1. Scan the range 137-145 and tell me whether some residue there is of a type in the set (Val, Ile, Thr), more than 19 Å from the chain's Cα centre (by Cα), buried (at least 22 other Cβ atoms within 10 Å of the Cβ) and modelled with pLDDT of 95 or more.
2. For Asp131, are the conditions met, namely being acidic (Asp, Glu), modelled with pLDDT under 95 and surrounded by fewer than 17 Cβ atoms within 10 Å (Cβ to Cβ)?
3. Determine if the range 4-16 includes at least one residue that is surrounded by 19 or more Cβ atoms within 10 Å (Cβ to Cβ), at pLDDT 95 or above and closer than 19 Å to Thr129 by Cα.
4. Which of the residues belonging to the range 169-196 are aliphatic (A, V, I, L, M), in contact (Cβ under 8 Å) with a residue 60 or more places away in the chain and farther than 24 Å from Met1 by Cβ?
5. Counting just the residues of the range 80-122 that are over 17 Å from the mean Cα position of the chain (by Cα), surrounded by fewer than 17 Cβ atoms within 10 Å (Cβ to Cβ) and assigned to a strand (DSSP E or B), which one comes out modelled with the lowest pLDDT?
6. Based on this model, can you work out whether Phe166 counts as part of a helix (DSSP H, G or I), out of contact with any helix residue (DSSP H, G or I) (no Cβ under 8 Å at 6 or more places or on another chain) and farther than 30 Å from Leu2 by Cβ?
7. Considering only residues of the range 61-81 that are touching a residue at least 60 places away in the same chain (Cβ under 8 Å) and of a type outside the set (Val, Ile, Thr), which is nearest to Thr129 (Cα to Cα)?
Amino acid sequence: MLYPHLNGKRVILASQSPRRLELVKGLELAPVTWLKDVDESFPDEITGPAIAEYVTRLKAEAYWEELEPDDVLITGDTVVLLGDEVLQKPRDRDEAIGMLERLSGRTHTVASGIAVTTKQSGIRSVVDTCDVTFRTLDRTWIEHYIDRYHPYDKAGGYGVQDMIGFAGVTGMQGSYFTVMGLPTHKLFELINSLKS
């Protein structure tokens, strides 16, 4: 067994993202999913990649009271950072188009937080970053992408695993899975840190 220390424990993924579920399963974990609306706002003094870790921990805290002694909770959050600007999920088509126009031809940073929480160990969290470079994207192509893929549930208004990743991304410094929304290598380390 790959994770003997998880024997008899219930692994919970607190996410409605099919991508995060796929990535957790890729680590040979079999989570149940829990969904809850959590206020993802953050104080002004928190900036950069720390935002993703802050919101990740906020989500873990929201589930704390419901956790049983043998539960292992996984939470995560992703933000796109263009200089000092934070790009979260676009509210509508115009905002999504505007985000991709700002990302076009530039390098931005994707920060994904991940936390593993148990009643015994509390909340253990980390954040991972990846720099992503886009080719120049023309307006017609951006509109096609938004209308075809509806990336309104994705930070920065795009999903690297779909058409924009195939055609728009020219370079990446860091983990592809961090850009997808879950740094799998960091989750693996956190899961195994529960042994101690």
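The values are calculated or read from the model by the stated rules, or taken from the named source; none is laboratory data. Small disclaimer: the values here were computed from a predicted structure and weren't measured. Heads up, the Cβs are rebuilt from the backbone with ideal geometry, glycines too, and the neighbour counts pull from every protein chain shown.
1. Yes, some residue in the range 137-145 is of a type in the set (Val, Ile, Thr), more than 19 Å from the chain's Cα centre (by Cα), buried (at least 22 other Cβ atoms within 10 Å of the Cβ) and modelled with pLDDT of 95 or more.
2. Spelling it out, it is not the case that Asp131 is acidic (Asp, Glu), modelled with pLDDT under 95 and surrounded by fewer than 17 Cβ atoms within 10 Å (Cβ to Cβ).
3. Taking every residue of the range 4-16 in turn, none turns out to be surrounded by 19 or more Cβ atoms within 10 Å (Cβ to Cβ), at pLDDT 95 or above and closer than 19 Å to Thr129 by Cα.
4. Listed by number, the residues that qualify are Val179, Met180.
5. That would be Glu85.
6. yes
7. Gly76
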